[in-house]
Amino acid sequence: MRVPALLLIMLTAACAGPPAPLQQVMAPSEGPTSGAIRLSGEGEFTTSDTAAIVYDRKLVPKGAQGSAHVESADGQTRTTLVVEGLLPNRRYGAHLHVKPCGKKPDESGPHYQHKAGEISPASEVWLDFTTNGEGAGRSSARNDWVLDPAKLPGALVIHAKSTKTSGPEVGTAGDRVACLTLKKVS
């Protein structure tokens with residue numbers, strides 16, 4: 001009995017393991033946008049490297065990794081987050097913060113706000129996500145404003161809970177459990 005070629009290809013791809021972290025892909029016809037600001041941060045969450053640091057091993061197990069990309073141009077800011085190795089089937093919050101990650105969770109400062117003092121998904125970048133059965137998750141946000149080159153966000157912080165959308169605690173998402181430092185990409 002012969003196995004159809006397409007089925008064989010699909011079975012081979014399924015055995016290849018989990019997908020690699022999301023990389024920003026641009027169609028050749030798009031090319032880079034002049035004046036675009038690009039930020040990126042990625043890595044395996046460790047307790048020693050502030051490029052990708054973990055603050056709570058119960059919620060971000062050993063081997064977990066993340067990748068964050070921000071592109072700001074043409075009146076919009078697009079942000080993506082991909083994670084692997086977190087707890088399965090769990091909701092997390094995530095936001096851009098003003099400073100790079102530090103050894104202590106609060107060193108990344110408050111949420112990055114386009115409009116100072118406005119706590120909303122219109123002024124901040126909210127990237128809440130739910131992991132799948134293997135602990136992988138993705139999120140993206142599109143905001144109708146561009147980053148100020150003089151005041152760029154320094155980190156993407158993953159929080160223990162999803163973001164509260166109303167009430168006196170609007171914008172909060174529990175403890176900071178992991179952090180990716182964002183660096184400018186040329």
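Can you work out the PRE-style zone for LYS58? Point 7 Å along Cα to Cβ, and I want the residues of the stretch 164-179 with backbone N under 18 Å.
The answer is 173-179, whose backbone nitrogens lie closer than 18 Å to the label point.
Which listed residue (LEU147, ALA68, PRO88) has the Cα farthest towards the positive end of the charge dipole for the stretch 29-186, taking +1 on Lys and Arg C-beta and -1 on Asp and Glu C-beta about the Cα centre?
The residue sitting farthest along the positive end of the dipole is PRO88.
Please sort 144-152, 175-183 by packing, taking for each peptide the average over its residues of neighbouring beta carbons within 10 angstrom, highest first. Intermediate values should be presented prior to the final figure.
Values: 144-152: 12.7, 175-183: 23.3.
Ranked by mean Cβ neighbours within 10 Å, highest first: 175-183, 144-152.
Taking the Cβ-Cβ separation of ALA122 and THR50 as r and a Förster radius of 35 Å, what is the calculated FRET efficiency to the nearest 0.05?
Given R0 = 35 Å and the Cβ-Cβ separation, E is 0.75.
What figure, in Å² to the nearest 10, do you get for the accessible area of LYS164 with a 1.4 Å probe and non-protein molecules left out?
Counting only protein heavy atoms, the figure is 90 Å².
Along the charge dipole of the stretch 107-186, which of THR181, GLY171, VAL125 sits closest to the positive end, that is, farthest toward it, with unit charges on the beta carbon of Lys, Arg, Asp and Glu (+1, +1, -1, -1)?
Of THR181, GLY171, VAL125, it is THR181.
Stretched out fully, how many nm does the piece from GLU134 to ASP106 gain, at 0.36 nm a residue minus the Cα gap?
On the way: separation 28, 0.36 × 28 = 10.08 nm, distance 2.88 nm.
In short, 7.2 nm is gained.
For the pair ALA36/LYS115, report the inter-label distance in nm, with labels modelled 7 Å from Cα in the Cβ direction.
Going by the 7 Å Cα→Cβ label model, 2.7 nm.
So how much slack lies between ARG142 and GLU169, counting 0.36 nm per residue of separation and subtracting their Cα-Cα distance, in nm? Numbers along the way, then the final one.
On the way: separation 27, 0.36 × 27 = 9.72 nm, distance 2.31 nm.
Computed gain between ARG142 and GLU169 is 7.4 nm.
Count of lysine pairs in the stretch 71-183 with Cα atoms under 23 Å apart, counting only pairs 8 or more residues apart in sequence or on different chains?
So the count of such lysine pairs works out to 15.
The values are calculated or read from the model by the stated rules, or taken from the named source; none is laboratory data. Bear in mind the structure is a predicted one, so any value in this text is a computation, not a measurement. So basically every Cβ, Gly included, is an ideal-geometry build from the backbone, and we count neighbours across all protein chains shown. Please note that ligands, DNA and RNA were not included when accessible areas were found on the heavy atoms of the full protein model with its side chains. Shrake-Rupley method; radii C 1.70, N 1.55, O 1.52, S 1.80 Å.
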